[in-house]
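Below you'll find the structure, written out as structure tokens, and then a few comments.
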Amino acid sequence: MKRALMIEDNPDNSVLISKLLKRAGYQVLLAETGEEGCRRAVEDRPDFVLLDIQLPDIDGLEVLSRIRAETSSRKLPVIAVTSYAMSGDRERMLAAGCNGYIEKPIDPHRVIAQIRGFLND
Amino acid sequence: MNADIEQGEVLVVDDNPQNLRLLANMLTEAGYHVREALNGQSALRAIRKRRPELVLLDILMPGMDGYQVCRELQADQENRDLPVIFISALDSPKDKIEGFDAGGVDYISKPFEAPEVLARVRTHITLRRHAENLASANERLKELDRLKSMFIASMSHELRTPLNAIIGFSGALLDGISGELTEEQKDDVGRIFRAGKHLLELIADVIDISKIEANCAEVFAKSVELEQVVREAVETIQPLAETKGLSLDVEADRWPRMETDGRRLLQCLLNLMSNAVKFTEQGGIRLKVVTDDRQVDLSVTDTGIGIARTDIPKLFQPFERLESRLKLKAGGTGLGLYLTRKTVVELLAGSVHVESEPGLGSTFGFVIPLKLNEQVAKR
């Protein structure tokens, strides 16, 4: 069973995405802060990361660069999840090395297919 | 004029000490604070040291004459708008014209009448003060308007967070994530889901508009294949057209590679195409692409209800849908064309066009440059 690490501080979002992921057969690990997410990305060896851009402690770009800086997680697929398409978040995250990008509010009908697409799953 | 009111500070410049005294006394008596200068050079020094509200300037003076003083002031960013009244024994029209050309606001001939001098001084000081008040009020309004737009943009952003839960969970319920729903439950939850989506569209439009109005919309100009953008738009709109039994055709003389903000371009195109579908009951939609070496014209023609000529200017106003009957039927945010025009004009450096014939259909389009210039892109 593939394991997803979700770095997300908003419980509404994490509950929803976990439900959808679990139903699709993924195991879900949750980190509620950027710091915790960086740690678990290395220690818990997830298969991919769903990364919220706005986190309470450090922002998504910083989390991404820390994950990329660790040898063991350098190639870990990271999918950014952010709330506004026109703000430039998308361009910034893709330029910074995210494997994919999902807009919030997530579309519950499509989100699993989007994730699989980015993971070539 | 009421003596209590601050009359202002006047610099009087005259090389004749007697004239200087006379003018100075007259103005002092009328309540002005008066400074004096006996030649052009010292007048300029006095002005640069502390700017008066008005200068009463003699023309014929040894060394630098009055015209020269005035031209110097005109060349000086800080004092360009300082009102200068010439006061001179030269009284031919040619002299007066030269005075105005040099930048003077008025011209008094010597020998002068005291009431005339006072009236003109008062008038020009008042005018100057009004102009300054208007300019600063205008600046303040612009800033307030920008802050208003910023506020709306950030507020709207916050509104999205709870919507994530409303749309996400209602959608997941519809998908049966917590068990199968009855038909009635599906219908009810479907209403929540669709209302959430509608609210989301509204908020997205409001955020886009406010950001453009606050001058903080980001534009990402990149290499874009127009054919790809059009294909994406067609793929999105095709199902809507099919539901209504409308044809959807694309006609292009060629497909250029562009350097522009592809997402914004797609957004504008989607907007015009979905409008066309909304307001057309039979026939079809045609997207026509005409490219020359500098720009591309994308226009969407429908066989819909059309718009009366007098109603066309209203189309680009926010929340202006021409008939409430249509509003109900058409859905949408009422902000689409307003946002599209703002995006095309202010972010993509283009222009929009509309032609319509009631009962026959409409063509909505926009013309944008193939290469979005760097300066525009960085605003």
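The values are calculated or read from the model by the stated rules, or taken from the named source; none is laboratory data. Quantities reported herein were computed from a predicted structural model and do not represent experimental measurements. Neighbour counts run over all protein chains shown; Cβ positions are idealised from the backbone, glycine included. We work out accessible area using only protein heavy atoms, side chains counted, and drop any ligands, DNA or RNA first. Shrake-Rupley method; radii C 1.70, N 1.55, O 1.52, S 1.80 Å.
See the values below:
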| quantity | calculated |
| --- | --- |
| Criterion (away from chain A (no Cβ under 14 Å), within 15 Å of B:I368 (Cα to Cα), touching a helix residue (DSSP H, G or I) at 6+ places or on another chain (Cβ under 8 Å) and buried (at least 18 other Cβ atoms within 10 Å of the Cβ)) met by exactly one of B:L269, B:L265 | B:L269 |
| Set B:V300, B:V290: member being farther than 25 Å from A:E103 by Cβ, touching a residue at least 12 places away in the same chain (Cβ under 8 Å) and open to solvent by less than 10 Å² (accessible area, probe 1.4 Å) | B:V300 |
| Test: residue in region B:146-160 that is part of a helix (DSSP H, G or I), over 18 Å from B:V206 (Cβ atoms) and open to solvent by 80 Å² or more (accessible area, probe 1.4 Å) | no |
| Residue within region A:10-32 that is more than 10 Å from chain B (Cβ to nearest Cβ), over 23 Å from B:G168 (Cα atoms) and open to solvent by 10 Å² or more (accessible area, probe 1.4 Å) present | no |
| Condition broken by B:E180, with the remaining ones in (1) surrounded by 14 or more Cβ atoms within 10 Å (Cβ to Cβ); (2) over 42 Å from the mean Cα position of the chain (by Cα); (3) over 26 Å from B:A24 (Cβ atoms) satisfied | (1) |
| Cβ-Cβ under 7 Å pairs, at least 6 apart or on other chains, region B:176-198 side within 23 Å of B:T333 (Cα to Cα), far side assigned to a helix (DSSP H, G or I) and of a type outside the set (A, V, I, L, M, F, W, C) | B:V189/B:S170; B:I192/B:S170; B:F193/B:S170; B:F193/B:G171; B:G196/B:S170 |
| B:R257 vs. criteria open to solvent by 30 Å² or more (accessible area, probe 1.4 Å), among the basic types (K, R) and touching a helix residue (DSSP H, G or I) at 6+ places or on another chain (Cβ under 8 Å) | yes |
| Enumeration of residues in region B:161-217 that are more than 7 Å from chain A (Cβ to nearest Cβ) and not in a helix (DSSP H, G or I) | B:G176, B:S178, B:G179, B:E180, B:L181, B:T182, B:A214, B:N215, B:C216, B:A217 |
| Residue count, region A:90-100 (criterion: surrounded by fewer than 20 Cβ atoms within 10 Å (Cβ to Cβ) and within 12 Å of chain B (Cβ to nearest Cβ)) | 4 |
| Subset of region B:30-64 [open to solvent by less than 50 Å² (accessible area, probe 1.4 Å) and over 21 Å from B:V121 (Cβ atoms)] | B:M64 |
| Candidate set from region A:60-79 (those that are open to solvent by less than 60 Å² (accessible area, probe 1.4 Å) and within 19 Å of A:D121 (Cβ to Cβ)); member that is modelled with the lowest pLDDT | A:S73 |
| Hits in region A:109-121 - residues which are within 14 Å of chain B (Cβ to nearest Cβ) and either in contact with a Pro (Cβ under 7 Å, 6 or more places away or on another chain) or in a helix (DSSP H, G or I) (or both) | A:V111, A:I112, A:A113, A:Q114 |
| Filter result for A:V78 (β-branched (V, I, T) and farther than 30 Å from B:K222 by Cβ) | no |
| Those residues of region B:87-141 which are in contact with a His (Cβ under 9 Å, 6 or more places away or on another chain) and open to solvent by 80 Å² or more (accessible area, probe 1.4 Å), in sequence order | none |
| Which numbered condition A:I106 misses (of (1) of a type in the set (A, V, I, L, M); (2) in a loop (DSSP other than H, G, I, E, B); (3) more than 14 Å from every other protein chain (Cβ to nearest Cβ)) | (3) |
| Residue that is nearest to the chain's Cα centre (by Cα), among those in region B:251-280 that are in a loop (DSSP other than H, G, I, E, B) and under 19 Å from B:E355 (Cα atoms) | B:F279 |
| Filtered residues of region B:354-374 (kept if assigned to a strand (DSSP E or B) and of a type in the set (A, V, I, L, M, F, W, C)) | B:V354, B:F364, B:F366, B:V367, B:I368 |
| Count - residues of region A:110-121 that are in contact with a helix residue (DSSP H, G or I) (Cβ under 9 Å, 6 or more places away or on another chain) and either among the β-branched types (V, I, T) or at pLDDT 85 or above (or both) | 3 |
| Residue ranges of strands (runs of 3 or more DSSP E) in region A:26-83 with at least 2 members touching a Pro at 6+ places or on another chain (Cβ under 8 Å) | A:48-52 |
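Quick grid of which residues meet (1) more than 21 Å from the chain's Cα centre (by Cα); (2) away from chain A (no Cβ under 14 Å):
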position	(1), (2)
B:S88	yes, yes
B:P93	yes, yes
B:K96	yes, yes
B:F100	yes, yes
B:D106	yes, yes
B:R140	no, yes
B:D145	no, yes
B:K148	no, yes
B:S154	no, no
